[in-house]
Amino acid sequence: MAQRISLTRYLVEQQREEGHIPSQLRLLLEVVARACKSISQAVNKGALGGVLGSADSENVQGEVQKKLDIIANEVLIEANEWGGHLAAMASEEMDSIYLVPNRYPQGEYLLLFDPLDGSSNIDVNVSIGTIFSVLKKPEGSPGVTEQDFLQAGAKQVAAGYCVYGPQTTLVLTVGDGVSMFTLDREQGSFVLTQENVRIPADTKEFAINMSNMRHWDEPVKRYIDECLQGKEGPRGKDFNMRWIASMVADVHRILTRGGVFMYPWDKREPNKPGKLRLMYEANPMSWLVEQAGGAATNGRQRILDIEPGQLHERVSVILGSKNEVDRVTSYHTGV
Ligand code: AHG
Ligand code: MN
Ligand code: MN
């Protein structure tokens with residue numbers, strides 16, 4: 001029987017043999033994985049654990065928080081604040097950055113997360129997840145400020161997500177391809193189940209919230225319209241559609257079998273660049289997708305090249321199979 005490789009062993013070997021990850025980063029990733037295990041437990045208990053439903057509060061973006069949004073946020077903070085690997089954290093669910101308290105040693109990394117992605121799916125028992133991104137604190141600055149977090153996605157040193165679905169799967173990149181780990185509940189550990197994940201360049205599957213169609217910009221309308229025309233249209237093939245409304249689950253499907261995912265700018269709130277958040281959702285997912293051979297743009301620019309202006313910045317997102325993303329992007333840029 002092939003030997004099972006735990007996440008711990010995978011990270012130790014990455015550190016020892018490949019030189020990809022310093023020990024502080026290895027510790028950080030272990031701690032994030034442990035926190036995800038704990039969130040997974042809470043998710044699994046559902047109504048029995050009293051974790052469903054609304055928390056009757058709002059986050060900085062004006063969204064009503066679910067109990068699990070808050071629980072997952074707390075689990076991630078409590079797990080990460082004392083280990084000495086972090087300088088600060090930032091979360092979709094917190095107004096401003098969270099500094100590691102003075103009583104703990106300070107590390108050199110910054111951790112950003114969407115603690116619970118797919119909140120609208122919690123109470124209906126559909127896949128949800130946690131998305132995370134790791135940056136290095138810029139050298140030379142003594143304390144930590146919000147400015148230190150405002151780095152382009154291309155500067156990430158690790159990124160990943162954990163999807164809580166029929167299986168709990170952790171997906172990770174440290175810049176050397178994408179690996180997937182499945183949670184073995186009896187053993188209590190994540191086990192490597194796929195290495196060198198690749199997204200096929202072509203696809204016949206798209207993911208977009210079609211109810212927003214009338215609000216889309218022309219290039220997005222054109223792309224989807226051509227897909228819908230199927231064999232009889234300019235694409236010459238039939239397309240299938242999926243929309244889970246949890247970005248983690250939609251991206252997981254794309255990493256597994258290809259596809260294109262879009263949450264574009266639309267006319268509902270024309271002053272917002274998009275719905276999804278650059279630092280907690282778009283950057284980590286874009287890096288994973290690129291590391292698997294796919295592409296990610298905002299229609300005009302590679303997402304990983306965007307210089308953020310603020311922590312909770314939003315962005316239009318088109319990602320997945322490279323040829324499709326290139327096509328949608330060319331419809332925007334005319335090139
Ligand atoms: P979150 O639950 O972290 O706020 O994110 C939800 C996001 C994303 O996961 C998903 O793709 C999208 O919102 C769904 O939006 P619609 O409900 O507009 O389809
Ligand atoms: Mn989200
Ligand atoms: Mn969220």
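The values are calculated or read from the model by the stated rules, or taken from the named source; none is laboratory data. Fair warning: this is a prediction, and the values are worked out from it, not measured in the lab. Counting neighbours? That spans all protein chains shown, and the Cβs are built from the backbone with ideal geometry, glycine included. Please note that ligands, DNA and RNA were not included when accessible areas were found on the heavy atoms of the full protein model with its side chains. Shrake-Rupley method; radii C 1.70, N 1.55, O 1.52, S 1.80 Å.
Number of residues in the stretch 84-120 that are part of a strand (DSSP E or B) and either under 30 Å from Gly46 (Cβ atoms) or not aliphatic (A, V, I, L, M) (or both) equals 12. Kindly establish whether Ala154 is part of a helix (DSSP H, G or I), touching a residue at least 24 places away in the same chain (Cβ under 8 Å) and of a type outside the set (Val, Ile, Thr). Against the criterion (part of a helix (DSSP H, G or I), touching a residue at least 24 places away in the same chain (Cβ under 8 Å) and of a type outside the set (Val, Ile, Thr)), Ala154 qualifies. Restricting attention to the stretch 250-280 and to residues that are out of contact with any helix residue (DSSP H, G or I) (no Cβ under 6 Å at 6 or more places or on another chain) and either assigned by TED's automatic domain parsing to the domain that holds Ile131 or among the acidic types (Asp, Glu) (or both), the residue that is most open to solvent (accessible area, probe 1.4 Å) turns out to be Glu269. Among the residues of the stretch 128-151, those identified as in contact with a strand residue (DSSP E or B) (Cβ under 6 Å, 6 or more places away or on another chain) and either part of a loop (DSSP other than H, G, I, E, B) or within 14 Å of ligand 2 (Cβ to nearest atom) (or both) are Ile128, Gly129, Thr130, Ile131, Phe132, Ser133, Lys137, Val144, Gln151. When restricted to residues that are within 12 Å of Ala88 (Cβ to Cβ) and among the polar types (S, T, N, Q), the stretch 102-137 contains 1. Checking each residue in the stretch 203-243 for being loosely packed, with under 14 Cβ neighbours inside 10 Å, in contact with a helix residue (DSSP H, G or I) (Cβ under 6 Å, 6 or more places away or on another chain) and under 20 Å from His332 (Cβ atoms) picks out only Pro234. If only residues of the stretch 9-20 that are open to solvent by less than 60 Å² (accessible area, probe 1.4 Å) and either among the hydroxyl-bearing types (Ser, Thr, Tyr) or modelled with pLDDT of 90 or more (or both) are counted, the one that is nearest to Phe181 (Cα to Cα) is Tyr10. Residues of the stretch 93-116 that are open to solvent by 10 Å² or more (accessible area, probe 1.4 Å) and either within 11 Å of ligand 1 (Cβ to nearest atom) or on the phi > 0 side of the Ramachandran plot (or both): Glu93 alone.
Could you tell me which residue of the stretch 117-142 is surrounded by the most Cβ atoms within 10 Å (Cβ to Cβ), considering only residues that are away from ligand 1 (no atom under 16 Å from the Cβ) and in contact (Cβ under 8 Å) with a residue 24 or more places away in the chain? Per the stated criteria, the residue is Leu135. Condition first: more than 16 Å from ligand 2 (Cβ to nearest atom) and open to solvent by less than 30 Å² (accessible area, probe 1.4 Å). Now tell me which residues in the stretch 290-307 satisfy that. Correct list: Ala292, Gly293, Gly294, Ala295, Thr297, Gly299, Leu304, Ile306.
Residues in the stretch 287-316 that are closer than 16 Å to Lys272 by Cα, among the hydrophobic types (A, V, I, L, M, F, W, C) and free of Cβ contacts under 8 Å to residues at least 60 places away in the same chain: Val315 alone. For the stretch 35-83, filtered to residues that are assigned to a helix (DSSP H, G or I) and of a type in the set (D, E, K, R), the residue that is nearest to ligand 1 (Cβ to nearest atom) is Asp69.
Restricting Ser54, Ser6, Ser23, Ser38 to those that are touching a residue at least 24 places away in the same chain (Cβ under 8 Å), among the polar types (S, T, N, Q) and open to solvent by 40 Å² or more (accessible area, probe 1.4 Å) reduces the list to Ser38.
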